[in-house]
Each structure stands twice: as structure tokens, then as C-alpha cells.
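To start, the structure itself, in C-alpha cells.
Any read-out appearing in this document is the output of simple, stated calculations on the displayed coordinates, not a laboratory observation. Because the structure is a prediction, the values reported are computed rather than measured. Please note: Cβ atoms are built from the backbone with ideal geometry, for glycine as well, and neighbour counts cover all protein chains shown.
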Amino acid sequence: MVSELKACGPQTLVKVRDLRTYFPVRRGPLGRTVAYVRAVDGVSFDIEGGTTLGLVGESGCGKTTVGRTILRLVHATGGRVWFDASDVLAASRTTLRRLRRNMQIVFQDASGSLNPRMTVGRIVGEPLTLHRVARGPKWRECVATLLERVGLRTADADRYPHELSGGQRQRLGIARAIALNPKFVICDEPVSALDVSIQAQILNLLNDLKRELGLTYLFIAHDLSVVEHFSDRVAVMYLGKIVEIADAAELYERPKHPYTIALLSAVPNPDPHRRPKHIVVTGDVPSPIDPPHGCAFHPRCPIATDECRRVTPSLQGHTDLPSGHLVACHHVDKTGSSSLPGR
């Protein structure tokens, strides 16, 4: 698997290998650890500089935890993360402070991520102050430039977050994220809480910034139609693991994992002449505290066999798939776009 991921390209900016993040479950008066929630359980992927990797899956599959673990906002249980050839998880506080100038995040909940006691100007300018980038008149000039770049007015610098609309607060979060001219930005469902018309504006803004600043994105979302048009590559997560990863066009045209096929069948089609049959996945998502043996999807998979119940499939390429299209399934030959009606 590692060799196939390395083959994605020589300009890899972010490299994740076997990333694991477990949260302890404590019970009893002494708070003893009795189990672990395996939120992220062996995730590996590469992101090339200047590209966008979309990370999709059901709520609770571990997408957000992956992003926060990469930035060390959440402690990793195991694995390795490299950013621009630097080992992020092993970095000292001094090294991590330097790395964080180039690694930023846009949170899903804009209101919750903004200090309600700080003005817009102070929120945007705080990274400039903490990293000693600008002071005095230059600081005010940088803040004004950042606000204008994301579509806010210079006069908004004296307002507070509660005085802004949801779309404006998300623009404020983006301005704060790009304040230090980072190379890599994690977008954690940045448009899921916004109206459709505002979503389009924010996505266009992110695309413009990517082109102007040469940004690299990890775009976390559950809306597959948004991910299709925004991402260069797409990774599909299920129960803490990546089950399929490929170029966006390839994955949407030729999905191979049964879970990916089921997800794409649920995407609404605006064409009234094409009414694809919705593939219903039966059963409930297993608990990440006690995941099933073998393939995590086998309790809900229509083509599961005894091999699926016994052996955990590795994320790997296959002879009939393009280079870089990796699938964690024992029976790739039994799946395909033909299983997805209407596509």
C-alpha cells in the first residue's frame, strides 16, 4: 500500500501513514479505561502541492478527527504525518509553531471558533501578532487587505462576530486561516451550515484563493456533489478507515467499493429523465468501540463472503484500475459502475 501511495507524485506536500486516533472510554469511580473508541484506525493518503483531496463519508466516520489529528489539535495514538518533509507528530513545540504558520484550518462551526469578545479586526490580526509578522500601521493595513480579499469590508474590522451573518462569519474564519500565507489549509465542512446560494460563494472564494495563493486543501465534507466539483482526488471513509481513493472523475464514474457505490446512488440527480434507483444500505453502522472483524463494511455489504468476515482488506490498486485508484475490497471484480443505476 505504501509503495502505491508514493507513486501518486513526486511533489507530495502532506503524507499520512497508518494514522490512528483512539479515545479512551472511562468508567467507574476511579475512571478506569475499559475500551477505546477507534475514531481513526489506520488511515493513509498523500496530498500533492496545489491540489485538493476531498474526504467524504457518513457522520461519525472520523473525517474531522483525521484533520484535527494532522494539525495536532487532537493527540494521535499512532502513525506518521509528514508536512513538507517535516515529521509533524514528532515535532517539538518550537518546530510545531513554525509548521503551523503553513498549516491552518477553517472550522465547520464558524460561530464556535470565533472569540465573541474580540472584534473582527483583532480576530484576523491575532495570527500576525502571535507570529510577530506585523505591528502598528502595517498590522492594520494587513488586516484591511485580508478582509477585502475574502469579501468583507474594511469597516467590518470594528464589528463583533455576532453582528455578522453566517456567510460573513465563515469568510472571517477563512481570512484568519490565510493570514500567515499558509501552504496547506484543512476545510472542515466549511459550507455545510450555510444556505445553498452562500455555499456557492464560499466555494468560489476558496477556489480563487487556491489559485491566487497556491494553496493545498484537505476538504472534509459529506455532500458528495460539492466534493465532486471541488476536489482533484477523493477519499471515502467508513468507520475510521479509507475504503477507496481515486481521482475525482474516476471515482464518480467508476466507483468500486460497495459503500462508495451506495453513497453515490443517494446523490440527487437534477435530470428528470434519469431516475437512478437509490441503493439502500441495510443495518446500522457498527460501533467504533467494537468494530467487526475483517472488512468493517461486511455486516451491511450485499456481496460479503466468509473471506470478508475473516480478513481485513488492504487499500491497494488493481490490474483493471488506473494508477492511484485504490480500493479496500476483496471482490472488486464483482462491483463497478454497472452496479450504480443511472450513472
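What is the sum of charges around His293, taking Lys and Arg as +1, Asp and Glu as -1, for the other residues whose C-beta is under 9 Å from the C-beta of His293?
+2
Nearest 5 percent is fine: what portion of the DSSP beta bridges confined to the chain is antiparallel?
Around 65 percent antiparallel, to the nearest 5.
If you take every residue apart from Leu19 with its C-beta less than 10 Å away from the C-beta of Leu19, what net charge results, scoring Lys and Arg +1 and Asp and Glu -1?
Net local charge, Leu19 excluded: +1.
Find the lysine pairs in the chain meeting two conditions, Cα atoms under 22 Å apart and a separation of 8 or more places or different chains, and report how many there are.
19
Please report, in cubic angstrom per residue, the volume enclosed by the convex hull of the alpha-carbon atoms of the stretch 83-174.
Hull volume over Cα atoms, normalised by residue count, gives 116 Å³.
If I model a spin label at His75 and Arg26 as a point 7 Å from the Cα along the Cα→Cβ vector, what separation in nanometres do I get?
1.1 nm
Mind telling me which of Val196, Val143, Val81 comes out most flexible in a GNM of the chain, alpha-carbon contacts under 10 Å?
Of Val196, Val143, Val81, the most mobile in the Gaussian network model is Val196.
Under 15 Å from the Cβ of Val185, count the other residues' Cβ atoms, weight Lys and Arg +1, Asp and Glu -1, and hand me the total.
Its environment carries a net charge of +2.
Could you work out the mean projected area of the convex hull around the alpha carbons of the stretch 1-108, in square nanometres to one decimal?
So the mean shadow area of the Cα hull is 8.6 nm².
Which shape class applies to the stretch 117-238: rounded if a/c is under 1.5, otherwise prolate when a/b exceeds b/c and oblate if not, where a ≥ b ≥ c are the square roots of the Cα gyration tensor eigenvalues?
Cα axes put the stretch 117-238 in the prolate bin.
Could you work out the helix-only [θ] at 222 nm for the chain, with each DSSP H run of four or more residues adding -39,500 (n - 2.57) and the total divided by the number of residues, to the nearest 500 deg cm²/dmol?
Using -39500 (n - 2.57) per qualifying helix, the result is -8500 deg cm²/dmol.
Would you mind checking the tilt of helix 120-130 against the longest principal axis of the Cα atoms of the chain, expressed as 0 to 90 degrees and rounded to 10?
Approximately 90 degrees, to the nearest ten.
Using only alpha carbons, build the gyration tensor for the chain and give me the equivalent ellipsoid semi-axes, biggest first, whole Å.
Gyration-tensor ellipsoid for the chain: 36, 24, 20 Å.
Take every Cα-Cα distance within the stretch 182-235, group them into 5 Å bins from 0 onward, and report for each bin the whole-number percent of pairs it holds.
Pair shares across the bins are 4, 19, 34, 28, 13, 3.
By counting other Cβ atoms within 10 Å of each Cβ, how are Cys187, Cys301 ranked from fewest to most?
Fewest-to-most ranking of Cys187, Cys301: Cys301, Cys187.
Would you please classify the overall shape of the stretch 42-96 from the alpha carbon gyration tensor, given that a ≥ b ≥ c denote the square roots of the eigenvalues, rounded means a/c under 1.5, and beyond that prolate means a/b larger than b/c while oblate covers the rest?
oblate
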